[in-house]
Amino acid sequence: MHDVVWKKIGPLSNIPVRGARRLCFGLGGKPIAVFRTGEDKFFALVDECPHKKGPLSEGIVSGNTITCPLHNWVIGLDTGIAAEPDEGKTQTVPVKLENGELYIGLELERAPA
Amino acid sequence: MNMISDPREHLVVIGNGMAGMRTVEELLKLPGGKRFRITVFGAEPHVNYNRIMLSSVLAGDKSIDEIVINSREWYAENEINLITGDAVKKIDRETRTVISASGVEVRYDKILIATGSRPLAPPIPGLGLPGTCAFRDIADVDKMLAAAKTHKRAVVIGGGLLGLEAAWGLKQRGMSVALVHLMPTLMERQLDAAAGQLLQRDLDRRGIAFFTDGQTEEITGTDRAEGVQLADGRFIPADLVVLAIGIRPNIDLAKAADLEVNRGIVVTDDMRTSDPDIFSVGECVEHRGAVFGLVAPIWDQAKVCASRLAGDETALFTSRALATSLKITGVDVFSAGALMAEGGDDDEITLRDDNRGLYKKIVVRDGKLVGAVLYGDVADGQWYLGLIRDKTDIREMRDKLVFGRAFAESLPPGKTGPDTASMPDDAQICGCNGVSKGSIVCAIKDKGLVSLSQVRSHTKASASCGQCTNLVEAILADTLGGAVEKKAPSICECTDAGHDAVRQGIVAQSLKTMGAVRAAFGWKKPEGCHKCRPALNYYLICAWPGEYSDDSRSRFINERAHANIQKDGTYSVVPRMWGGVTTPSELHAIAAVAEKFNIPTVKVTGGQRIDLLGVKKEDLPAVWGDLSKAGMVSGHAYAKGLRTVKTCVGSEWCRFGTQDSTGLGIKLEKMCWGSWTPHKVKFAVSGCPRNCAEATIKDLGVVCVEAGYDLLVGGNGGVDVRVTDPLVRVATEEDVLEYTGAFMQLYREEAHYLERTAPWIARVGIAYVKKRLVDDAEGRRSLNARFLYSQKFSQDDPWAARAGGLDAQEFTKLPELADA
Ligand code: SRM
Ligand SMILES: Cc1cc2nc3c(=O)[nH]c(=O)nc-3n(C[C@H](O)[C@H](O)[C@H](O)COP(=O)(O)OP(=O)(O)OC[C@H]3O[C@@H](n4cnc5c(N)ncnc54)[C@H](O)[C@@H]3O)c2cc1C
Ligand code: SF4
Ligand code: FES
């Protein structure tokens with residue numbers, strides 16, 4: 001599982017503050033989104049709410065959470081875990097910033113060809 | 001699994017339903033419960049779910065996921081061996097084994113039979129054809145939902161609780177529904193004739209057709225059900241026939257194992273069958289001659305049975321008086337105990353108000369209450385039930401009893417709530433989910449809960465049918481020392497401040513950013529949350545037009561993307577069609593866009609315009625660009641703002657039209673479009689009192705008359721239909737426009753975010769609105785002037801701007817360069 005490929009997705013400034021963008025490629029068939037908080041922290045998640053797969057990237061970012069646009073579940077951006085009393089978890093995806101550019105970490109066998 | 005060496009006794013539970021699993025839950029809570037390893041057999045392929053809520057699933061209020069009680073993880077965590085989709089076929093008491101249909105054989109030390117009941121299925125010819133089903137489990141609901149998708153006509157046989165809930169659910173799913181009932185009145189075992197008739201009248205008004213005194217002779221059809229033939233010659237065509245005429249305890253296994261059975265599996269007060277190692281609970285049992293069909297007594301059985309299994313030799317089950325209610329939104333029915341006087345000494349006292357659809361009957365025997373039937377207002381139901389159960393001496397208040405608790409106990413105003421403080425901890429509050437007072441109090445204290453919604457989500461109390469909501473609220477108030485009653489509800493959990501305080505603070509203290517508002521009111525979370533941010537953003541836009549700049553990040557996706565998100569993540573686009581009037585060239589442009597972008601659905605909306613559904617997000621700017629070129633602007637079908645202005649053809653064409661309703665509607669729409677409001681706003685203008693534009697259920701309606709224009713406000717055609725209140729009659733179109741601007745501004749400045757005009761006016765009163773708009777001409781003019789000023793900043797078409805490149809990031813994916 002250590003074979004992670006880092007894929008460049010462009011500068012942090014591409015992502016609105018307290019906002020998100022979806023990527024053109026996915027992870028095992030699932031969409032990925034990158035989030036940016038009010039404090040300029042950034043996170044990546046599979047873009048599917050644990051509830052009914054709502055597109056989290058279309059939600060509202062507050063602090064380190066994202067509220068799903070479909071039924072208002074609140075998901076932790078750092079953990080992918082839904083806030084109580086809801087239960088569920090969205091898969092987190094590794095992401096890093098280098099020289100102002102964001103990179104997404106993909107497991108080797110799943111990286112897009 | 002190394003079962004042989006496990007020192008624990010083996011408990012085999014037959015039936016993964018509500019009674020069986022409730023017993024297991026109770027058992028796991030007890031120290032003595034550790035002595036068992038547990039295997040559960042369930043005939044259904046599912047984990048255990050809340051059967052009661054199948055009615056809500058059918059009606060579309062809940063999904064299957066939402067009614068699951070215990071997930072597979074729960075079984076795993078508690079080391080319960082769950083075998084689903086495999087019915088037990090035999091209990092062999094000689095070899096002490098249980099054998100399943102698929103051949104699984106397990107040895108037991110103790111058995112719990114909780115096989116529930118089966119729908120009654122008399123030998124009606126045609127029963128069993130495709131298109132016929134019962135209403136008992138998920139498989140039945142799946143059948144009904146599938147039929148509702150492809151077929152139109154449903155017939156439900158049986159006018160009891162289940163039949164009525166099935167009929168209502170299918171009606172909600174868009175089918176036309178007829179209900180056949182053998183008896184002259186509905187729910188005759190729970191309601192007296194008077195209440196049964198009121199119920200029938202109300203459901204009849206909601207579009208269910210009743211065939212009472214109807215004996216089903218045959219379900220006709222060759223390949224699938226085609227209709228229901230009644231013995232008296234009546235015939236009802238049907239594509240779906242649901243049989244809900246009753247249930248019968250499921251006793252086959254017990255009978256074959258030579259346990260004592262009668263109507264049900266006979267159990268003693270300790271929930272043991274005639275074999276002391278075999279227990280039974282739920283709808284399959286018979287206790288002292290009684291069988292069961294509601295969950296409240298079953299929860300009591302589960303407790304007793306669990307205690308016995310855990311080694312407590314004292315627990316005894318006793319039947320208590322039961323209450324019935326019906327889970328149909330807006331229909332309030334309650335009954336408990338006797339339905340009518342039985343002997344010469346019994347008294348019936350009734351109260352009836354046909355106009356308001358209220359009916360109450362109580363039955364008194366020997367100075368005690370023995371029965372209550374309520375229709376229309378069931379708030380006192382639990383109180384009556386308590387009096388019946390406790391056999392309270394009611395002689396002192398006998399004459400007042402029927403008027404309800406507040407009157408009978410002469411409670412001071414505002415103190416009419418239920419007396420939860422004196423209830424014992426094990427008093428059952430929520431029948432649907434079996435939640436006791438004690439567990440609600442514990443959750444409130446342990447988890448620091450402060451609101452009804454929190455209590456609901458943590459304990460499930462009042463989360464199902466909602467009948468016990470006032471009890472749960474009262475417990476919350478008792479536990480928090482009355483603190484919940486006094487405080488105006490806060491905007492959200494980030495703050496204690498209410499909407500009005502914040503709105504006034506924004507203006508009085510010149511707060512012009514969200515940060516400043518949050519600082520001034522001591523917000524607990526620095527960035528707020530998804531509830532307060534959209535509200536504050538709106539309050540600031542309204543207070544500081546032209547100064548405050550909108551924060552798109554605090555908007556719900558629809559208002560940020562200027563289109564409505566659909567369940568599959570695509571969007572819908574609704575261009576404005578002023579007053580519902582269009583032109584051939586606009587229609588050409590819409591057709592061209594639909595073809596060019598392969599838009600799958602083009603639909604005429606309920607608001608007199610055209611919806612393009614299924615547009616890909618990345619196509620939105622180009623779609624809008626083409627529509628803008630043809631002169632069209634956003635219809636704001638997504639906005640908390642002005643939606644549609646419906647009009648009728650009016651005096652231009654109609655032989656009854658008194659004024660130019662179409663032209664006036666267009667003027668109103670051109671004046672008000674683009675405005676942001678607390679919630680959506682809809683107008684309509686009808687050319688005469690025939691009211692073809694349905695102006696009396698709009699936020700603002702105009703009905704034209706010979707003498708001028710009647711202005712009506714605060715209507716709503718949505719969830720809680722509300723007819724408008726008349727505001728004023730004016731003489732000219734200019735007056736209409738002035739009043740409209742003033743009304744919009746009053747609503748914009750004073751309503752709470754997400755409060756439509758109907759609940760807003762219900763809250764402040766139409767008298768107040770009249771005082772501000774009709775009596776105070778000066779005030780009206782300045783409100784209108786403020787509205788027109790704010791409109792200077794809001795009538796830019798958001799679509800044209802985005803087609804021109806604004807917020808391009810919103811509509812594209814990363815990385816923007818394909819080869820990045
Ligand atoms: C498209 C349309 C149905 C249609 O195909 O005809 C529609 C579609 C939706 N309505 Fe509606 N309503 C439509 C006319 C109505 C009407 C009829 C009318 O306006 O005369 C009503 C009842 C009248 C009223 O509002 O008083 C109506 C009462 C609702 C309600 C209940 C509002 C209430 O106060 O109770 C909601 C829910 C809400 O707003 O919270 C709702 C919500 C919705 C939403 C936004 C649901 C959602 O959150 O996704 C739907 C968006 C679909 C979409 O993406 O386009 N829609 N909706 C109609 C659009 C009219 C238009 O041209 O803009
Ligand atoms: C649509 C609907 C609405 C209702 N609404 C209300 C309401 O509002 N209020 C109320 O109090 N009650 C209501 N009820 C009644 C309530 O659901 C029942 O009283 C309750 O579910 C009974 O629980 P039980 O465990 O005895 O039976 P069930 O919940 O039916 O559980 C029995 C389980 O045992 C399984 N089983 C049967 N035989 C075998 C076998 N041989 N091997 C393995 N498994 C077997 C069955 O498949 C079933 O899953 C409603 C019922 C329905 C169907
Ligand atoms: S409301 Fe009056 S004017 Fe309008 S179409 Fe109906 S009858 Fe004609
Ligand atoms: S899909 Fe996210 S809350 Fe329902």
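The values are calculated or read from the model by the stated rules, or taken from the named source; none is laboratory data. Remember, predicted model here, so these are calculated numbers, not experimental data. Glycine gets a Cβ as well: all are built from the backbone with ideal geometry, and neighbour counts include every protein chain shown. Remember, those area values only see protein heavy atoms, side chains included, never the ligands or the DNA or RNA. Shrake-Rupley method; radii C 1.70, N 1.55, O 1.52, S 1.80 Å.
A few remarks follow.
- Relative to the 2.2 N^0.38 Å rule of thumb, segment B:560-791 has a C-alpha radius of gyration ratio of 1.03.
- Considering only alpha-carbon pairs that sit under 8 angstrom and 6 or more positions apart, the relative contact order computed for chain A is 29 percent.
- Pairwise Cα distances in segment B:223-356 exceed 18 Å for 70 percent of all pairs.
- ³J(HN,Hα) computed for each position of segment B:354-361 - Karplus, 6.51 cos²θ - 1.76 cosθ + 1.60, integer Hz, glycine/proline x: 5, 4, 8, x, 10, 8, 9, 9
- The radius of gyration of the Cα set in segment B:124-239, together with its Dmax, comes out at 13.5, 41 angstrom.
- Remark on chain A: A:24 stand apart, with no other cysteine beta carbon under 4.7 Å.
- FRET efficiency, 1/(1 + (r/R0)^6) with R0 41 Å, evaluated for residue B:68 and residue B:320 via beta carbons: 0.90
- Hull shadow area, averaged, the protein assembly as shown [alpha-carbon convex hull, nm²]: 46.2 nm²
- Neighbouring partner chain Cβ atoms per residue of B:802-813, average, 10 Å criterion: 2
- Computed about the Cα centre, the dipole magnitude for the protein assembly as shown is approximately 1520 debye when only Lys and Arg (+1) and Asp and Glu (-1) carry charge, each at its Cβ.
- Globularity index of segment B:499-555 is 1.00 (Cα radius of gyration / 2.2 N^0.38 Å, N = number of residues).
- Karplus-derived HN-Hα couplings along segment B:587-595 (A = 6.51, B = -1.76, C = 1.60, θ = phi - 60°), whole Hz, x at Gly and Pro: 5, 4, 5, 5, 4, 5, 5, 4, 6
- The residue list B:653, B:444, B:791 was ranked by how far each Cα lies along the charge dipole of the protein assembly as shown toward its positive end, using unit charges on Cβ atoms, and B:791 comes out on top.
- Peptide A:13-21 is shielded by partner chain Cβ atoms: per residue, an average of 4 of them sit within 10 Å of its Cβ.
- Among B:215-221, B:371-377, A:22-28, sorting by the average number of other beta carbon atoms lying within 10 angstrom of each residue, highest first, gives B:371-377, B:215-221, A:22-28.
- Length gained on full extension, residue B:788 to residue B:720: 21.4 nm, using 0.36 nm per residue less the C-alpha separation.
- Rg(Cα) / (2.2 N^0.38 Å) computed for segment A:2-109, rounded to two decimals: 1.00
- Note on residue A:12 and residue B:422: their simple-model spin labels are 6.4 nm apart, each label 7 Å out from Cα toward Cβ.
- For a label point 7 Å along the Cα-to-beta-carbon line of residue B:602, residues of segment B:624-649 with backbone N under 20 Å: B:624-637
- When each of the peptides B:344-355, B:318-329 is scored by the mean number of other C-beta atoms lying within 10 Å of its residues, the order from highest to lowest reads B:318-329, B:344-355.
- Averaging Cα coordinates gives a centre for segment B:697-758 and one for segment B:508-583; these two points are 24 Å apart.
- The stretch between residue B:349 and residue B:585 holds 78.0 nm of extra length on full extension. This uses 0.36 nm per residue minus the Cα-Cα distance.
- Per-residue shielding of B:552-558, expressed as the average number of other chain Cβ atoms within 10 Å of the residue Cβ, stands at 5.
- Residue B:294/residue B:731 FRET efficiency (R0 51 Å; Cβ-Cβ; nearest 0.05): 0.25
- Taking each DSSP H run with n ≥ 4 as -39500 (n - 2.57) and averaging over every residue of chain B yields -9000 deg cm²/dmol at 222 nm.
- A Cβ-based charge dipole, computed about the Cα centre of segment B:186-267 with Lys and Arg at +1 and Asp and Glu at -1, lands at about 280 debye.
- Summed over both chains, the contact between B and A buries some 2500 Å² of accessible surface at a probe radius of 1.4 Å.
- Only one residue of B:516, B:504, B:526 has its Cα farthest out toward the positive end of the dipole of segment B:499-555, where Lys and Arg carry +1 and Asp and Glu -1 on Cβ, and that residue is B:526.
- Remark on residue B:228: its backbone amide H falls under 5 Å from those of B:220, B:236, B:238, a criterion applied only to residues 5 or more positions apart or on other chains, H modelled at 1.01 Å from N.
- Average Cα contact separation per residue, chain B, under 8 Å, 6 or more apart, as relative contact order %: 6 percent
- Cα pair distances in segment B:462-602, grouped into 10 Å bins until the bin that holds the longest one, percent each: 9, 24, 21, 23, 16, 5, 1
- Full extension of the segment from residue B:356 to residue B:189, taken as 0.36 nm per residue of separation minus the current Cα-Cα distance, would add 57.7 nm.
- With each label modelled as a point 7 angstrom along the Cα→C-beta vector, the residue B:151-residue B:223 pair spans 1.3 nm.
- For segment B:392-409, 3J(HN,Hα) computed residue by residue from phi via the Karplus equation (6.51, -1.76, 1.60; θ = phi - 60°) reads 4, 6, 10, 4, 4, 10, 3, 6, 9, 3, 5, 7, x, 5, 4, 6, 5, 9 Hz, glycine and proline entered as x.
- The simple Förster model, with R0 at 25 Å and r as the Cβ-Cβ distance, assigns residue B:9 and residue B:93 a FRET efficiency of 0.95.
- Ordered from longest to shortest, the equivalent ellipsoid semi-axes for chain B are 54, 32, 31 Å, each the square root of 5 times a Cα gyration tensor eigenvalue.
- Separation in nanometres of the label points that stand 7 Å from Cα toward Cβ, at residue B:705 and residue B:457: 4.9 nm
- Amide hydrogen proximity for residue B:40: with H placed 1.01 Å from N in the peptide plane, the residues at 5 or more positions away or on another chain lying under 5 Å are B:13, B:81, B:82, B:83.
- Toward the positive end of the charge dipole of chain B, with +1 on the Cβ of Lys and Arg and -1 on the Cβ of Asp and Glu, the farthest Cα among B:256, B:675, B:716 is that of B:675.
- When peptides B:137-143, B:652-658 are ranked by their average number of other Cβ atoms within 10 Å per residue, the highest-first order is B:137-143, B:652-658.
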